[in-house]
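Worksheet: the structure to be examined is printed underneath.
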Amino acid sequence: MNRPAPLRPGDVVRVVAPSGPVDPDALERGLAVLRDDFGLKVKVRPDVTARRHYLAGDDARRLEEWREAASDLETRAIFCARGGYGAMRLLPRLEPARLLHPPKWVVGFSDVTAIHSALNRAGLVTVHGPMVSTLARTTPEAREHLKALLFGGGDAPPPSPGAMRPGSGCAGTAVIRSGRAAGTLLGGSLCLLAHLCGTAWLPPMAGAVLFLEDVDERPYRLDRYLTQLRLSGALDGVRAVCVGQLTGCDHEGQSGAETVRELVRALGVPAIEGIPAGHEDANYALPLGSVVTVLAPAAGEGGPPRLLFEQGPPA
């Protein structure tokens, strides 16, 4: 896997809108974070707020914007402006090689899962993290975590005794199935992963630590997505599972979290839940394509469930 070099203050980054239309005010607040808090020089096209129905402009505009950012040798990272829908339409012409020489960071989540999957499959480490339009409302702790991950600040002291250092990993809330495993971190939106089944852009999951999150999906849909992935063989060889935020996924007394918990437990691999990543303000960034370790302690063992970002050979 190609891991981009750490960012430095003053680096040039691009903001693109490969999916749905972007709210100009939310975008400006996020751009201010990148400039003032992260110290980055931001390039953004004036037509980034274009709208064509449910897309941020037509496919030609969004593809041109993407290629422009990917081909710019001065650009060190690409931040996606918003999710929604539309990234999948660009996959046949995404040309991942444009981002590999030298490697560039790509940051986003939700609909950007489609882009992460294609780039991870091509060998690039990417960041499942806040969109520019959500960056201003992201909690200060999650922003500091993102900054540490991108700038290589994992040696910074933890915010409180017993807490994890920013950029070094995430603590979960509960163990689904105990154990320990390491592998390449892949995943994102469960809905998008299921929709990538049968395409050339879903990365191989054998040997992977699978991360899952989603928003506004009823329990039966979560069941259907996971069942589709399992029946397709996409989950064969998965070494561990980390479940993130399932926001707005409860319906008529049925719990989205419990639905996913039962299906994940049946995979028979170490699994944890409550990773603070997904469609909430405490959206902690994750290094997709990087080797990580899952610690899911059994009853009586010490420490919380954790996802560690330290590099190392798969166990």
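Residues in the stretch 79-88 that are surrounded by fewer than 24 Cβ atoms within 10 Å (Cβ to Cβ) and either within 23 Å of Gly123 (Cβ to Cβ) or of a type in the set (Phe, Trp, Tyr) (or both): Tyr85, Met88.
Among the residues making up the stretch 48-67, those that are assigned to a helix (DSSP H, G or I) and under 16 Å from Ser133 (Cβ atoms) are Val48, Thr49, Arg62, Glu65. Contact map, the stretch 55-78: residues that are touching a residue at least 40 places away in the same chain (Cβ under 8 Å) paired with residues that are among the hydroxyl-bearing types (Ser, Thr, Tyr), Cβ distance under 7 Å, separation 6+ or inter-chain. Pairs shown: Ala69/Thr75.
In the stretch 68-102, the qualifying residues are those that are part of a helix (DSSP H, G or I), in contact with a helix residue (DSSP H, G or I) (Cβ under 7 Å, 6 or more places away or on another chain) and of a type in the set (D, E, K, R), and the one that is nearest to Cys191 (Cα to Cα) is Arg89. When the stretch 264-294 is examined, which residues are found to be within 23 Å of Ala114 (Cβ to Cβ) and among the charged types (D, E, K, R)? Residue satisfying the conditions is Glu280 alone. Each residue in the stretch 274-308 was checked for being of a type outside the set (A, V, I, L, M), assigned to a strand (DSSP E or B) and over 16 Å from Ser110 (Cα atoms), and 2 of them qualify. Gly39 satisfies every condition listed in (1) on the phi > 0 side of the Ramachandran plot; (2) exposed (fewer than 14 other Cβ atoms within 10 Å of the Cβ) except (2). Kindly indicate whether Ala17 is without any contact (Cβ under 8 Å) to a residue 12 or more places away in the chain, closer than 30 Å to Gly198 by Cβ and of a type in the set (Gly, Ala, Ser). In short, no. Regarding the stretch 146-153, can at least one residue be identified that is more than 30 Å from Asp25 (Cβ to Cβ) and either assigned to a helix (DSSP H, G or I) or of a type outside the set (Ser, Thr, Tyr) (or both)? Yes; the residues of the stretch 146-153 include at least one that is more than 30 Å from Asp25 (Cβ to Cβ) and either assigned to a helix (DSSP H, G or I) or of a type outside the set (Ser, Thr, Tyr) (or both). Would you point out the residue of the stretch 268-304, among those that are under 14 Å from Arg180 (Cα atoms) and open to solvent by less than 10 Å² (accessible area, probe 1.4 Å), that is nearest to the chain's Cα centre (by Cα)? Across the stretch 268-304, the extreme among qualifying residues is Val292. Just one residue in the set Glu217, Glu213 is under 21 Å from Pro276 (Cβ atoms) and in contact (Cβ under 8 Å) with a residue 60 or more places away in the chain; that residue is Glu213. Screening Thr113, Thr134, Thr138 for residues that are of a type in the set (Val, Ile, Thr) and open to solvent by 10 Å² or more (accessible area, probe 1.4 Å) leaves exactly one candidate, Thr134.
Do we have any residue at all in the stretch 133-148 that's touching a strand residue (DSSP E or B) at 6+ places or on another chain (Cβ under 7 Å) and either at pLDDT 95 or above or of a type in the set (D, E, K, R) (or both)? Looking for residues that are touching a strand residue (DSSP E or B) at 6+ places or on another chain (Cβ under 7 Å) and either at pLDDT 95 or above or of a type in the set (D, E, K, R) (or both), one finds none in the stretch 133-148, hence no.
The values are calculated or read from the model by the stated rules, or taken from the named source; none is laboratory data. From a predicted model like this one, the values you see are computed outputs, not experimental measurements. Quick reminder, even Gly has a Cβ in these numbers, built from the backbone with ideal geometry, and neighbours come from all protein chains shown. Surface areas here come from the heavy atoms of the whole protein model, side chains and all, with no ligands, DNA or RNA. Shrake-Rupley method; radii C 1.70, N 1.55, O 1.52, S 1.80 Å.
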